[in-house]
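The values are calculated or read from the model by the stated rules, or taken from the named source; none is laboratory data. Because the structure is a prediction, the values reported are computed rather than measured. Positions of Cβ are generated from backbone atoms using ideal geometry, with glycine treated the same way; all protein chains shown enter the neighbour counts. To get the accessible areas, we keep the full protein, side chains included, count just its heavy atoms, and leave off ligands, DNA and RNA. Shrake-Rupley method; radii C 1.70, N 1.55, O 1.52, S 1.80 Å.
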Amino acid sequence: MYQAIEAVSKSGVIELLEAVEFEENEPLVVLRRSKKVLTSKTPSPAKDWRSFAGQLKSSPIFAGDPVQIQQDMRNEWD
């Protein structure tokens, strides 16, 4: 069963707004309501999806009849 407990973050530490008793090692789920999304300090460079186009065209896995390759992949787990 879930119980909603209000809390605030002060200097990155979660502080409950009311006294609540927890059991030792009780698993908790924290749900964040704010819309702010934390980003990493060093942003990764944006990649254009077009740079991935055609990268597998010379792969030996895809050499041969495309229909047969697709059928083999589909039936791989049979």
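Determine whether GLN3 is outside any loop (DSSP other than H, G, I, E, B), without any contact (Cβ under 8 Å) to a residue 40 or more places away in the chain and open to solvent by 80 Å² or more (accessible area, probe 1.4 Å). So that I can check it myself, show each step before the final result.
Details: outside any loop (DSSP other than H, G, I, E, B): no; without any contact (Cβ under 8 Å) to a residue 40 or more places away in the chain: yes; open to solvent by 80 Å² or more (accessible area, probe 1.4 Å): yes.
Criteria not met by GLN3.
Based on what the data block shows, is GLU21 among the charged types (D, E, K, R), within 30 Å of MET1 (Cβ to Cβ) and open to solvent by less than 100 Å² (accessible area, probe 1.4 Å)?
When the stated conditions are applied, GLU21 does not pass them.
Does ILE14 fit the bill of being without any contact (Cβ under 8 Å) to a residue 40 or more places away in the chain, open to solvent by 100 Å² or more (accessible area, probe 1.4 Å) and in contact with a strand residue (DSSP E or B) (Cβ under 6 Å, 6 or more places away or on another chain)? Explain how you work it out, then say what you get.
Numbers: without any contact (Cβ under 8 Å) to a residue 40 or more places away in the chain: yes; open to solvent by 100 Å² or more (accessible area, probe 1.4 Å): yes; in contact with a strand residue (DSSP E or B) (Cβ under 6 Å, 6 or more places away or on another chain): yes.
Answer is yes for this residue.
Could you check segment 57-71 and list, in sequence order, the residues that are open to solvent by less than 90 Å² (accessible area, probe 1.4 Å) and either touching a residue at least 60 places away in the same chain (Cβ under 8 Å) or charged (D, E, K, R) (or both)?
ASP65, the sole residue that qualifies.
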